[in-house]
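> One structure, as C-alpha cells, below. Some questions next.
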Amino acid sequence: MRTFLTVITLCCATKVVLCALDEPRNARLTSWNMDLVLRWDSPGDPAVHYTAEFNSTVFKFRPGCVNTSALYCDFTDEASSLTVYGTYIGRVRAQRGQESSVWVESGPLTLDKNTTIGPPNVTLVSHGVHMTINIRDPVFRISKMREVYNQASYNITYWKEGKEGKAQSLIVQQNPVVLSDLEPLSRYCVKVHISLQHNHRAGDESRVTCEKTADRKQTNETQEERCNIKEKGLRGWRQC
C-alpha cells in the first residue's frame, strides 16, 4: 500500500510539472526616444496572458502591465519612477487562470546610454541659389533631447539630385544652416541624423528631403540670412 501511494504521489507531482506554463522567451528592454518598453516572444500558447514588471538600482520590482495579451509592456507611463540616467531591468511571466510560469528577466538598460535617438524633422527653404535647412529635434518621451544631450550635433549630408555619389557632409550644432552658392535651377537633397561625439553614437536618419533652387537673379536674402561663410573644409555653407 505504501508503494502504491508513493507511485500516486510521484505521478501527481509529475503532472504538476508537465502542466506548468511555458515561460515567455527572449525578454528584452528597448528604448527609443527615451521610452522604456519590455518586449518578449510568445511561448507558443495563444491562450496565455502576461504580467510584466520593472525595477531599478533604487527600487524593487513594480508592476507595469497585468493580464495583457500583448507581447510588450510600455513602462514609460510610469514616468514618475523613471529618470533619464536610470538603469532598469524588466521581467515577465505567462498566466492562464491560476497557473503562472516562472519569471523571465531582461538584461539591464540605462536610458541615456542605450536609448535610440529617432530621426529629426527636416525642412528646406530655397532662397535663390541658397538653401536653408531647418531642423527640429525628435520629441523625447521623458525630458527633452537638449536637456539630456546638450552637446549633440547635426550630421548633415546633401547632394545634387541624381549625384548622391558626390554627396558632401558637415557636422554642426547650430540651427538653421544655410547652404550657399548652389547651382541655380537644380534640385538638392538633404538627410540629417543626430550624433553624440563623446561616445560616437548616431541616431536614426531623417527621410530624404529635396528642394529646387531658383535662378541666381532671384536670390533675395533677408538680413538674417546674410551670415559669414565659415571655412570648415567644405565650400558653400553658412552658419547663422
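> In Å and whole numbers, how far do the C-alpha atoms of the stretch 20-156 stretch along each principal axis, longest first?
Principal extents (Cα only, largest first): 71, 33, 20 Å.
> Same structure, new question: What are the ³J(HN,Hα) couplings of the stretch 153-164, residue after residue, when phi is run through the Karplus curve with 6.51, -1.76, 1.60 and θ = phi - 60°? Round to Hz, x for glycine and proline.
10, 9, 9, 9, 10, 9, 7, 6, 3, x, 10, 4
> Looking at Ser80, Ala70, His49, which one has the Cα that reaches farthest to the positive end of the dipole of the stretch 48-95 (charges on Cβ: Lys, Arg +1; Asp, Glu -1)?
His49
> Using the basic label-point model (7 angstrom from Cα toward the beta carbon), what is the Val102 to Val58 distance in nanometres?
Going by the 7 Å Cα→Cβ label model, 3.2 nm.
> With the alpha-carbon atoms as the only input, what is the per residue convex hull volume for the stretch 34-92 in Å³? Present the calculation step by step, with values, prior to reporting the outcome.
On the way: hull volume 4.5 nm³, N = 59.
So the per-residue Cα hull volume is 76 Å³.
> Explain nothing, just compute: Karplus ³J(HN,Hα) = 6.51 cos²θ - 1.76 cosθ + 1.60, θ = phi - 60°, for every residue of the stretch 83-98 in order, whole Hz, x for Gly and Pro.
My calculation for the stretch 83-98 gives 10, 5, 9, x, 10, 10, 10, x, 8, 8, 9, 8, 9, 8, x, 8 Hz in order.
> With θ taken as phi - 60° and the coefficients 6.51, -1.76 and 1.60, list the Karplus ³J(HN,Hα) couplings across the stretch 22-33 in order, rounded to whole Hz; mark glycine and proline as x.
Result, ordered by residue: 5, 7, x, 10, 6, 5, 8, 8, 10, 8, 9, 6 Hz.
Taken together, the values in this text are just the output of simple stated rules run on the coordinates, not laboratory data. Everything numeric in this text was worked out from a predicted model, so none of it was measured. We place every Cβ from the backbone using ideal geometry, glycine too, and count neighbours over all the protein chains shown.
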